[in-house]
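To start, the structure itself, in structure tokens.
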Amino acid sequence: MKLYVFETCPFCVRARIMAGLKGLSAQLVYVTPGHIPSELEDRIDRLTVPILVDGETLIQDSTDIIRHFDSYGPPLLPSYGTGPELEEWRKSISSALNALCYPRMPYLNVPELASSGAQGFFENAMPKRIGMTFADALAQSPRLAGEVEAVLPQVAPFLTGSTLNFDTLAVLAELRSLTMVAELRFPENIFRSFHSLVDRAGISPFTPVAACRAVLKPERMTRFPSLERTQYCEGRRCIVEKLDFSLAYGPVLPRMAGYLRYVL
Ligand SMILES: N[C@@H](CCC(=O)N[C@@H](CS)C(=O)NCC(=O)O)C(=O)O
């Protein structure tokens, strides 16, 4: 079985979680945006992921792939598709989530953005989708993270129910995307349920990217090596990475302490 994916695609993550929970091993094939893999050229018209190839069967839709996975052995899910409440929640966070995640993706070292062509295309196309430049979006991280944090508690019922359902997979996939946002703090109960479920499914969270790391390009850092610490603190949009900075910025200490705990 082969599953064609982008590492950052939440629909792919839904399918990967299902495969993991069912104990199915699908070989992951990372694809480049816009490039149909040669072996699929005669079989699909347009590249969207995930795509499952299982023997002669090709499925190009995450919900159908999840249904297909669930047909192996006793079914895990009662139905296939998200419910209206979950869709409402996804709608409520989608613009903040995209504005937080897209500018961080180039720093994740994901296979789909490995080539300079793919990075260039991404950095040109995605600001239009979020309606602002990546720099502006990064600068607005505290506000955007606050918006997401305000609605995170609403997903607790999808994660802590006694039975797994399709909405659970969808929530886990959105939360997995949010793990790339260093400034964001999950409520403790959601953090625990998320990690226990994705661990079971064999999916890793992202390494968190802080806005300051993304904003400060390496060449700027080397030009002002002695100001490195100051630059990390400038503009207040930065998350401080070293504890001693907290002495200079006392009022934001609780948030920084959370960040440090999360990253370390
Ligand atoms: N309804 C589809 C949506 C899949 C989808 O939107 N995938 C995105 C990545 S997250 C994609 O392949 N985009 C490529 C493009 O639009 O060119 C599914 O559930 O599989």
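Rounded to a whole number, what is D in µm²/s for the range 84-201 from Stokes-Einstein with the Kirkwood radius over alpha-carbon pairs (20 °C, 1.002 mPa s)?
Numbers: Rh = 15.2 Å.
Estimated via Stokes-Einstein, D reaches 141 µm²/s.
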The range 1-86: antiparallel DSSP beta bridges as a percent of all, rounded to 5: 60 percent
Three-way shape label, the range 2-70, alpha-carbon gyration tensor, a/c 1.5: prolate
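Using the count of nearby Cβ atoms within 10 Å as a rough guide to exposure, how do Leu178, Leu28, Leu164 rank from fewest to most? Mind showing how you got there, number by number?
Numbers: Leu178 22, Leu28 15, Leu164 18.
The most exposed by this proxy come first: Leu28, Leu164, Leu178.
Taking the beta-carbon count within 10 Å as an exposure proxy, list Asp42, Asp199 from fewest neighbours to most. Don't jump to the answer; show the numbers that get you there.
Values: Asp42 7, Asp199 12.
Going from least to most buried by this count: Asp42, Asp199.
What's the exposure ranking of Glu174, Glu87, Glu41, going from fewest to most Cβ atoms within 10 Å? Numbers along the way, then the final one.
Values: Glu174 21, Glu87 13, Glu41 9.
The fewest-first ordering by Cβ neighbours comes to Glu41, Glu87, Glu174.
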Separation of the Phe121 and Thr48 label points, Cα + 7 Å toward Cβ, nm: 1.7 nm
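Throughout, read-outs are computed from the coordinates displayed, never taken from laboratory work. Keep in mind that this is a model prediction, so the values were computed, not measured. Counting neighbours? That spans all protein chains shown, and the Cβs are built from the backbone with ideal geometry, glycine included.
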